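Q: I'd like to ask you about the structure that follows.
The values are calculated or read from the model by the stated rules, or taken from the named source; none is laboratory data. Values in this document were obtained by computation on a predicted structure and should not be read as measured data. For neighbour counting, all protein chains shown are included, and Cβ atoms are generated from backbone atoms with ideal geometry for every residue, glycine included. With ligands, DNA and RNA removed, areas are computed over all heavy atoms of the protein, side chains included. Shrake-Rupley method; radii C 1.70, N 1.55, O 1.52, S 1.80 Å.
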Amino acid sequence: AQSVTQLGSHVSVSEGALVLLRCNYSSSVPPYLFWYVQYPNQGLQLLLKYTTGATLVKGINGFEAEFKKSETSFHLTKPSAHMSDAAEYFCAVSRNQFYFGTGTSLTVIP
Amino acid sequence: GAGVSQSPRYKVAKRGQDVALRCDPISGHVSLFWYQQALGQGPEFLTYFQNEAQLDKSGLPSDRFFAERPEGSVSTLKIQRTQQEDSAVYLCASSLDGMAGELFFGEGSRLTVL
């Protein structure tokens with residue numbers, strides 16, 4: 001069975017500070033990996049995905065994530081937080097099925 | 001339409017009523033997924049279609065839940081004899097590339113059971 005764990009249900013950062021949202025997966029075979037963002041009253045939108053190839057993946061709005069097989073991790077980062085980044089972020093894995101983490105709510109403090 | 005469309009956006013039902021939630025996926029997307037999202041939680045898988053075939057319904061919480069996609073396009077999630085614990089946002093997503101591709105989500109249908 002596959003699962004995904006997001007450490008920290010709430011993260012607060014100051015505007016301009018580094019954003020780090022953690023995601024670990026459990027799978028005997030490296031799955032496909034995704035980060036989605038959800039703004040209030042909106043559907044989930046894809047930020048970035050890793051399927052094969054380069055392990056550092058760049059997404060929209062300046063976000064990136066690195067697939068580390070040895071650590072079974074796919075943490076999401078952004079060098080400088082912006083107020084508009086405040087949202088709920090979900091890590092997801094897929095192989096035979098899509099599984100989502102429980103989400104991390106990002107607050108950006110002015 | 002350009003995106004995944006879900007209706008109704010909001011539904012209030014009395015306990016015991018039946019409800020039907022509709023999903024209109026992106027044209028040409030063969031894969032369609034239904035998820036249930038409780039408040040403060042991540043989406044929980046309900047069921048998956050490849051065209052009109054329901055390939056996985058392991059996430060449906062009880063036999064009160066039923067989904068169909070008869071012509072491989074529009075899908076309907078039906079909940080019979082609704083219970084308070086069914087209150088959640090029901091998300092529909094479609095994909096062109098199955099499990100490796102991007103899921104495109106609708107805005108969801110928020111169900112409140114009184």
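Q: Considering only residues that are within 14 Å of the chain's Cα centre (by Cα) and open to solvent by 10 Å² or more (accessible area, probe 1.4 Å), look in the range A:88-103 and name the one that is farthest from the other protein chains (Cβ to nearest Cβ).
A: A:E88
Q: Looking only at the range B:1-24, decide whether some residue is within 14 Å of chain A (Cβ to nearest Cβ), over 24 Å from A:E88 (Cβ atoms) and more than 14 Å from the chain's Cα centre (by Cα).
A: Yes.
Q: Criterion first (in contact (Cβ under 8 Å) with a residue 12 or more places away in the chain and more than 14 Å from the chain's Cα centre (by Cα)) does B:E102 satisfy it?
A: No, not satisfied.
Q: Looking only at the range A:19-54, which residues are farther than 22 Å from B:G98 by Cβ and in contact with a Lys or Arg (Cβ under 7 Å, 6 or more places away or on another chain)?
A: Answer for the range A:19-54, where residues must be farther than 22 Å from B:G98 by Cβ and in contact with a Lys or Arg (Cβ under 7 Å, 6 or more places away or on another chain): just A:V19.
Q: Has the range A:71-78 got any residue that is charged (D, E, K, R) and either assigned to a strand (DSSP E or B) or open to solvent by 10 Å² or more (accessible area, probe 1.4 Å) (or both)?
A: Yes, that holds for at least one residue.
Q: Condition first: more than 9 Å from every other protein chain (Cβ to nearest Cβ) and assigned to a loop (DSSP other than H, G, I, E, B). Now tell me which residues in the range B:86-110 satisfy that.
A: B:S87, B:L96, B:D97
Q: Here's something else I'd like to know. Of (1) closer than 21 Å to A:S14 by Cβ; (2) assigned to a loop (DSSP other than H, G, I, E, B), A:A54 satisfies all except one. Which?
A: (1)
Q: I'd like to check which strands (runs of 3 or more DSSP E) are fully inside the range B:1-85 and have at least 3 residues that are under 17 Å from B:R110 (Cβ atoms).
A: Answer list for the range B:1-85: B:5-7, B:10-13, B:19-24, B:31-37, B:75-79.
Q: Now, a different point. Here are B:V74, B:V113: which of them is touching a residue at least 60 places away in the same chain (Cβ under 8 Å), more than 14 Å from chain A (Cβ to nearest Cβ) and surrounded by 14 or more Cβ atoms within 10 Å (Cβ to Cβ)?
A: One residue alone meets the criteria, B:V113.
Q: If you check every pair at least six apart or on different chains, which have Cβ atoms under 9 Å apart with a residue in the range B:41-68 that is open to solvent by less than 30 Å² (accessible area, probe 1.4 Å) first and a residue that is among the hydrophobic types (A, V, I, L, M, F, W, C) and assigned to a loop (DSSP other than H, G, I, E, B) second?
A: If the second residue must be among the hydrophobic types (A, V, I, L, M, F, W, C) and assigned to a loop (DSSP other than H, G, I, E, B), the pairs left are B:L46/B:L60; B:T47/B:L60; B:F49/B:V30; B:A67/B:L60.
Conditions (1) open to solvent by 70 Å² or more (accessible area, probe 1.4 Å); (2) closer than 26 Å to B:E107 by Cβ, marked per residue:
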residue: A:A17; (1), (2): no, no
residue: A:C23; (1), (2): no, yes
residue: A:Y39; (1), (2): no, yes
residue: A:Q42; (1), (2): yes, yes
residue: A:T52; (1), (2): yes, no
residue: A:L56; (1), (2): yes, no
residue: A:G62; (1), (2): no, yes
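Q: If you go through the range A:37-51, how many residues are in a loop (DSSP other than H, G, I, E, B) and in contact with a helix residue (DSSP H, G or I) (Cβ under 7 Å, 6 or more places away or on another chain)?
A: Residues that pass the stated criteria total 1.
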